[in-house]
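Each remark here refers to the structure printed beneath this line.
Where a number appears in this text, it was derived from the coordinates with a stated rule and is not lab data. Only a predicted model underlies this, so the values are computations on that prediction, with no experimental measurement involved. For neighbour counting, all protein chains shown are included, and Cβ atoms are generated from backbone atoms with ideal geometry for every residue, glycine included.
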Amino acid sequence: MRRVRLLCGLTLAGIVFLGGCGKSPADQAREATTTLASWKATLRLLEAQEARGVVPEAYAGQVRRAAEEEREKATAELRKAGSR
Amino acid sequence: MSKLFEIALGVITGIGGFLEAGSLTTAAQAGAAFGYQLIWAIAVGTVCIAFLVEMAGRLAAVSRHALPDAMRERFGIRFFLLPLAAVALVSFLVLASEIGGVTLALEFATGISHRWWAIPTALSIWLLLWKGTFGMVEKGTSMLGLVTLAFVVAALTLHPHPAEVARGLVPRGPTHDAARYWFTAVSIVGASVSPYLFYFYSAGAVEDQWDEGYLTINRITAGVGMTFGGAVAVAALVCAALVLHPQGIQVDRFEQIPFLLTSPLARAGFWLFVGALFIACFGAALEIALQLAYLVAQGFGWRWGENLQPREAARFALVYTVVIPLAALVILSGIDPLKLTVISMALTALSLPVTVVPLLILMNDPQYLNEHTNGWVSNVAVLAVSAIACLVALVALPLEILGS
């Protein structure tokens, strides 16, 4: 039983330690910038395919909504990282 | 002739049933972020699952025991509760992510939000299990699952450089973003080595009344079927590496994955993607819900069998009747299906030692396997992959969850 408790304690400590070593503001800013660039490229690809009539209109709308949501999240992350 | 037919059917089942929400998502993320660099992770996962599936089939054919049944008998009910809890938890999360995959396919096809589709999808899965037979669930969905071969056609259309693809088979460290690289690698292994695959296979072998005469069929089905199945996952990764990676697109949402097929196959590619996602996830959801019922019923010694009428195996039918709507509720709650899928795959990798080690002990016990016990190659390969995947997941998972 003591061994089990020790193992659980060590695992928890490890998780907390790793959580503490989470992303620095610089890393967070870099990730948010990559996300923004990725969605910009996604919309470029979508527009090219829309022009060729490759993708249905409804799907194009879904991608645009997803892009908007993710861009908002990434912008907020960028602001948060900047204020730290 | 009949044996050849059974082998062909088994191989087709392996190919058609391999790709699902987890393997598709992780392959797409890997290809988009790291090009061909993580092909080795699919290869490692495929070899490992081929060994595990072969073992589960051999155990069933020689001992006539399904895996949970043999575990409870060999280790006792108290120990068995540990793998039962681990397999049940990860299978439940994977079931939820497969239902998420089906609902997203329906959203792509109709434009109606995927959350509206959660309940109708759950009802359809439940109805098919309630009314259907084992053969229909296993063979039917896998045959339809051959639509996932569209990824192979798309990859060939994109003309990948064979030498560069082959280089991806050699494991190497990341060139950038190490934490994401290892998390994706471990998620790929988790997606390939989902416990539901070999637990379901073992129950299926008992349902089909396999005996020692099936050992060769089992070996070929597991080896060839899983290898070709893994090749479909590699094809999805290659598509992502050639379509998304050069443009700097990373996969953050399911909405970006259809580009894998629309870029090389145009409009037909979009509908092939919707069909492939729907069928692959629907088939996997059927198998996982059924496997959860097998797991609990076999583990507690209840009467079980998909070929029985629900009233003849009431507690068995009750398990899938409960888990399917619960999993649909997870999707209904608004959780991001892609995040759920990726975290489920990493948790699967984390739980591997708990789900795999008892199987290895059984596979080395002559009381169950007679002269058909494991050789050292399969023991070492499966143990090494499980241990390494678990350790990497232990480090990568908290970084992914708490670090973001």
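7 Å from Cα along Cα→Cβ at both A:Arg79 and B:Thr321: what's the point-to-point distance in nm?
5.1
List the lysines whose alpha-carbon lies under 18 Å from that of B:Lys131, not counting same-chain residues fewer than 8 positions away?
B:Lys139
So the label point goes 7 Å from the Cα of B:Arg311 along Cα→C-beta, right? Which residues of segment B:130-146 then have their backbone N under 19 Å from it?
Within reach of a label on B:Arg311: B:130-133.
Can you give the three extents of the C-alpha atoms in segment B:281-352 along their principal axes, from longest to shortest, in whole Å?
39, 28, 19
At 7 Å along the Cα-to-beta-carbon direction for both B:Arg219 and A:Leu43, put a label point, then send me their distance in nm to one decimal.
5.8
Can you compute the charge dipole magnitude of chain B about its Cα centre, using +1 on each Lys and Arg Cβ and -1 on each Asp and Glu Cβ, nothing else charged? Give it in debye, rounded to the nearest 20.
Working: 19 positive and 23 negative charges, 47 e Å.
In total the dipole reaches around 220 debye.
Express in % the proportion of alpha carbon pairs of segment B:49-130 at distances exceeding 18 Å. Present the calculation step by step, with values, prior to reporting the outcome.
Details: 2076 of 3321 pairs.
Cα-Cα pairs in segment B:49-130 separated by more than 18 Å: 63 percent.
If amide H atoms are built 1.01 Å from N in the plane of the peptide, which residues on other chains or at least 5 residues away come under 5 Å of the amide H of B:Asp208?
Under 5 Å from the amide H of B:Asp208 lies no amide H from a residue far enough along the sequence or on another chain.
Under a plain spin-label model, where a point goes 7 Å from the Cα along Cα-to-Cβ, how far apart in nm are B:Leu169 and B:Lys131?
Distance between label points: 4.6 nm.
Helix hunt in chain B: which complete DSSP H runs extend at least 15 Å axially by C-alpha with mean Kyte-Doolittle at least 1.0? Walk me through the numbers before you get to the answer.
Values: long enough: B:2-16 (21 Å, 1.32); B:21-34 (19 Å, 0.78); B:39-63 (36 Å, 1.79); B:77-110 (48 Å, 1.80); B:118-131 (20 Å, 1.36); B:178-192 (21 Å, 0.90); B:195-207 (18 Å, 0.54); B:226-243 (26 Å, 2.27); B:259-299 (48 Å, 1.52); B:314-332 (27 Å, 2.26); B:337-350 (20 Å, 1.55); B:352-363 (16 Å, 2.52); B:376-402 (39 Å, 2.19).
Correct list, ordered by number: B:2-16, B:39-63, B:77-110, B:118-131, B:226-243, B:259-299, B:314-332, B:337-350, B:352-363, B:376-402.
Based on alpha-carbon atoms only, what is the radius of gyration of segment B:2-403 relative to the globular estimate 2.2 N^0.38 Å?
Numbers: Rg = 19.7 Å, N = 402, 2.2 N^0.38 = 21.5 Å.
It is 0.92.
Please compute, over every Cα-Cα pair in segment B:95-242, the percentage with a separation greater than 28 angstrom. List each step's numbers first, then the result.
Working: 4012 of 10878 pairs.
So the pairs more than 28 Å apart make up 37 percent of the total in segment B:95-242.
More than 38 Å apart: what percent of Cα pairs in the protein assembly as shown qualify?
Working: 26297 of 118828 pairs.
Above the 38 Å cut-off, the protein assembly as shown has 22 percent of its Cα pairs.
Per the helix-only calculation at 222 nm, which mean residue ellipticity applies to chain B, given -39500 (n - 2.57) for every DSSP H run of n ≥ 4 and division by its residues, nearest 500 deg cm²/dmol?
Mean residue ellipticity, 222 nm, calculated: -24500 deg cm²/dmol.
Normalising by the residue count of chain B, find the relative contact order in percent from Cα pairs under 8 Å and 6+ residues apart. List each step's numbers first, then the result.
Numbers: 694 pairs, mean separation 149.4, N = 404.
Taking the mean separation of contacting Cα pairs over the length of chain B, I get 37 percent.
I need two numbers for segment B:164-253: Rg to one decimal and Dmax as a whole number, Cα atoms only, in Å.
Cα only, segment B:164-253: 17.5, 53 Å (Rg, Dmax).
Restricting the calculation to Cα positions, tell me the Rg (one decimal) and the Dmax (whole number) of segment B:308-404 in Å.
Reported Rg and Dmax, both Å: 18.8, 52.
Taking the Cα centre of the protein assembly as shown as origin, work out the dipole magnitude from +1 charges on Lys and Arg Cβ and -1 charges on Asp and Glu Cβ, in debye rounded to 20. Show your work: numbers first, answer last.
Numbers: 34 positive and 33 negative charges, 197 e Å.
It comes to approximately 940 debye.
Can you list the lysines whose alpha carbon sits under 27 Å from that of A:Lys80, skipping same-chain ones fewer than 8 residues off?
A:Lys23, A:Lys40, B:Lys339
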